[in-house]
């Protein structure tokens, strides 16, 4: 089993899709990494040699922020918005949608369960 950046990649998947299980790597980034490492997109994860895995690891560490570091960076960016008191920061603080969605009827995912107000 290939383990890269603390993530176990699924054995049966093609490596180009397997790499997308790492937080911060999408399909485009995955293909770029494999091209730089000189590995075919068609290989399955269980077919990789230790040298292949090492070259993929090296490419990821050189050019990409992934997993814990990226999560920490995203959290710090959101915290900076909240500390600034920007519109987006206030929306984050209140637990409301940040990107302009309407909230009168939808936004249940962000707002949580309904809090009924009225008759008692």
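Bear in mind that the values in this text are calculations on the coordinates, not laboratory data. Since this is a predicted model, take the numbers as computed values, not measurements.
Points to keep in mind about this one:
- With helices as the sole contributors, the chain gives -14500 deg cm²/dmol at 222 nm; each DSSP H run of n ≥ 4 counts as -39500 (n - 2.57), and the sum is divided by every residue.
- Contact order for the chain, expressed relative to its length and based on alpha carbon pairs under 8 Å spaced 6+ residues apart, stands at 18 percent.
- Three principal axis lengths of the range 68-111 [C-alpha, angstrom, descending]: 36, 23, 13
- Distance between the C-alpha centres of the range 65-114 and the range 1-18: 30 Å, rounded to the whole angstrom.
- Three-way shape label, the chain, alpha-carbon gyration tensor, a/c 1.5: prolate
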